[in-house]
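Heads up: the structure comes next, in structure tokens.
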Amino acid sequence: MTERMLKFVHTPQKIPQKRVAELRRQDFDEIYNRFDPARASEQASRCSQCGVPFCSVHCPLGNHIPDWLRLTAEGRLEEAYEISSMTNSFPEVCGRICPQDRLCEGNCVIEKGFESVTIGAVERYITDTAFERGWVKPVRPTHERPESVAIVGAGPGGLAAAERLRRQGYQVHVYDRYDRPGGLMIYGIPGFKLEKEVVIRRWRYLEDCGVQFHLNTAIGNGSSAGISFAELRQKHAAVIIATGVYKSRDIGGPGAGLNGIVPALDFLTASNRRGLNEVVPDFESGLLNAEGKQVVVIGGGDTAMDCVRTAVRQGATSVQCLYRRDRANMPGSLREVKNAEEEGVEFLWLSAPEAFLGDDHVTGVRAVRMHLGLPDTSGRQSVEPVAGSHFTVEADLVIKALGFDPEDVPRMFGEKGLEVSRWGTLKVNYRSFMTSVPGVFAAGDIVRGASLVVWAIKDGQDVAAQVHAYLQQPATVAVAAE
């Protein structure tokens, strides 16, 4: 093993070749090429196989990263896939969109100056190769159980729960109000980060495993194309709510209601639907199309990065990102910031909007410079406006990328018994994942708030284990939410 590993001392870090900015501005294809077998093995061999693998410790899923890096370095890819998929329901997705610079790679213990192992790229290579070579086999439970479980929401949390429950032999039914599974993976994340065929491929795999999908199906009493929550509970032995959070946070101030100011998710969904060859009226009308416009995106997270880079590809004349903190305090991936800058996006750091200009349609954003103050109780520095520092940014299209809040699930589902937190997320018992309604569980963003895909996968796997334990009790006893 030592002959193949620990090569970081003389083998430099290499990420997969990135397409030049001028070319990638013209399409929505993924920007990184795949590793070839030799380069994947070479980069995997840089792993130091340390005694305490901080890459695994800081991975929400606890992936056995050093193990599948070693197997990749040794050319044992099928075994590498088996180890990778033991802990991760969607390694091909995490390899593409996880913020590795903040998680596994950011905590690699290789000595300073030698750079971390390119974990994400190797993870993507392993799983894509496994699909191509037919190593990804549908789940065939050794014992089919009679109990059925309903999962509301076909995002990463719901799909991870579906996969784990199907392995246990349960009859799994996934309900989603949209026409394709995937949630934000299909409609929110642009193709240049996660090509849609990757998500669709996993959907088809889950169908082959026996998971039954009920698409275009809303949950609630007032839905004509759906099913009531009461009926859902009657039909299934347990219900998991994994709807995610889709309500865009708004922004106030003078002019906030002008035409041309749109939520980030509306903008991204329209673009992704166009990429799926759908006709999108609000895109065709220009409302959600950046072509030929001066675009200002407000926000600093990964959604903001998705918006600025989508606007570039749609043919915006200029794209600027307004963020009230500096680069070091940006919540989004710094790798994404760099990619955006390469593609022509201008960042206006330490700047916050105060008002929106225009009569009927937005023509500009009046902003003010900010400076960082003392840390608050969380340790994060406060931001304060600089007196007399107002300036105006011209804009034809303003995109609000300020994050997401939960929808009113008890009202939507017609189930008043579902208790919510002061943030509107569903309350659960954090050991059992059960809500205040017996036999109804919840996991993912609808419980923890807007977070990473990898955390949704972790929650989906964990809630599946708790549902299994609940259904195996001789006499099912409801566990009240804390």
Of the conditions (1) open to solvent by 20 Å² or more (accessible area, probe 1.4 Å); (2) touching a Ser or Thr at 6+ places or on another chain (Cβ under 6 Å), Ala80 clears all except one; give me its number. (1)
Looking at (1) open to solvent by 60 Å² or more (accessible area, probe 1.4 Å); (2) touching an Asp or Glu at 6+ places or on another chain (Cβ under 9 Å); (3) free of Cβ contacts under 8 Å to residues at least 60 places away in the same chain, which one does Gly373 not meet, given that it meets all the others? (1)
Which ranges mark the strands (runs of 3 or more DSSP E) fully within region 340-454 that have 2 or more residues being charged (D, E, K, R)? 364-375, 381-394
Give region 2-16 a look and list any residue that's in contact (Cβ under 8 Å) with a residue 60 or more places away in the chain and either surrounded by 13 or more Cβ atoms within 10 Å (Cβ to Cβ) or under 20 Å from Glu92 (Cβ atoms) (or both), or say none. Arg4, Met5, Phe8, Gln13, Lys14, Ile15, Pro16
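Looking at the structure I just gave you, is Ser45 small (Gly, Ala, Ser), out of contact with any Ser or Thr (no Cβ under 6 Å at 6 or more places or on another chain) and surrounded by 20 or more Cβ atoms within 10 Å (Cβ to Cβ)?
yes
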Filter region 166-179 down to the residues that are in contact (Cβ under 8 Å) with a residue 60 or more places away in the chain and either open to solvent by 10 Å² or more (accessible area, probe 1.4 Å) or in contact with a Leu (Cβ under 7 Å, 6 or more places away or on another chain) (or both) and list them by number. Gln168, His173
Name every residue in region 81-110 that is in contact with a helix residue (DSSP H, G or I) (Cβ under 8 Å, 6 or more places away or on another chain) and in a loop (DSSP other than H, G, I, E, B), in order of residue number. Asn88, Ser89, Phe90, Cys98, Pro99, Gln100, Asp101, Leu103, Cys104, Cys108, Val109, Ile110
Can you tell me how many residues in region 324-334 are hydrophobic (A, V, I, L, M, F, W, C) and part of a loop (DSSP other than H, G, I, E, B)? 1
Taking region 110-158 and keeping residues touching a Phe, Trp or Tyr at 6+ places or on another chain (Cβ under 9 Å), of a type in the set (Asp, Glu), surrounded by fewer than 24 Cβ atoms within 10 Å (Cβ to Cβ) and modelled with pLDDT of 95 or more leaves Glu144, Glu147
If you check Phe404 against the conditions, is it more than 25 Å from the chain's Cα centre (by Cα), of a type in the set (Phe, Trp, Tyr) and within 30 Å of Ala367 (Cα to Cα)? no
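Of a type in the set (Gly, Ala, Ser), within 24 Å of Ala256 (Cα to Cα) and surrounded by 21 or more Cβ atoms within 10 Å (Cβ to Cβ): is that true of Ala340 in this structure? It would help to see each step written out before you state the result.
Values: of a type in the set (Gly, Ala, Ser): yes; within 24 Å of Ala256 (Cα to Cα): no; surrounded by 21 or more Cβ atoms within 10 Å (Cβ to Cβ): yes.
No.
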Mind listing just one residue for me: the one in region 312-323 that is crowded, with 22+ Cβ neighbours inside 10 Å and part of a loop (DSSP other than H, G, I, E, B) and, of those, nearest to the chain's Cα centre (by Cα)? Tyr323
Of all strands (runs of 3 or more DSSP E) fully inside region 185-263, the set with 1 or more residues that are open to solvent by 20 Å² or more (accessible area, probe 1.4 Å) is 212-214, 261-263
Please identify the pairs in which a residue from region 260-273 that is more than 16 Å from Tyr178 (Cα to Cα) has its Cβ atom under 6 Å from the Cβ atom of a residue that is of a type in the set (Asp, Glu) and open to solvent by 20 Å² or more (accessible area, probe 1.4 Å), counting only partners at least 6 apart or on another chain. none
Is at least one residue of region 412-433 surrounded by fewer than 15 Cβ atoms within 10 Å (Cβ to Cβ) and under 16 Å from Ile261 (Cα atoms)? no
So which residues in region 17-54 are farther than 26 Å from Phe192 by Cβ and in contact (Cβ under 8 Å) with a residue 60 or more places away in the chain? Arg46, Cys47, Ser48
Name the single residue, out of those in region 377-394 being open to solvent by less than 50 Å² (accessible area, probe 1.4 Å), touching a Lys or Arg at 6+ places or on another chain (Cβ under 9 Å) and closer than 24 Å to Pro331 by Cα, that is modelled with the lowest pLDDT. Val383
If I filter region 275-292 for residues that are assigned to a strand (DSSP E or B) and open to solvent by 30 Å² or more (accessible area, probe 1.4 Å), do I get at least one hit? no
Considering each residue of region 48-70, count those that are surrounded by fewer than 20 Cβ atoms within 10 Å (Cβ to Cβ) and of a type in the set (A, V, I, L, M), and give that number. 2
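The values are calculated or read from the model by the stated rules, or taken from the named source; none is laboratory data. Being a predicted model, the structure only gives us computed values, none of them experimental. Here the Cβ is made from the backbone with ideal geometry for all residues, glycine too, and neighbour counts use every protein chain on show. Just so you know, the surface numbers come from the protein's heavy atoms only, side chains and all, with ligands and any DNA or RNA stripped out. Shrake-Rupley method; radii C 1.70, N 1.55, O 1.52, S 1.80 Å.
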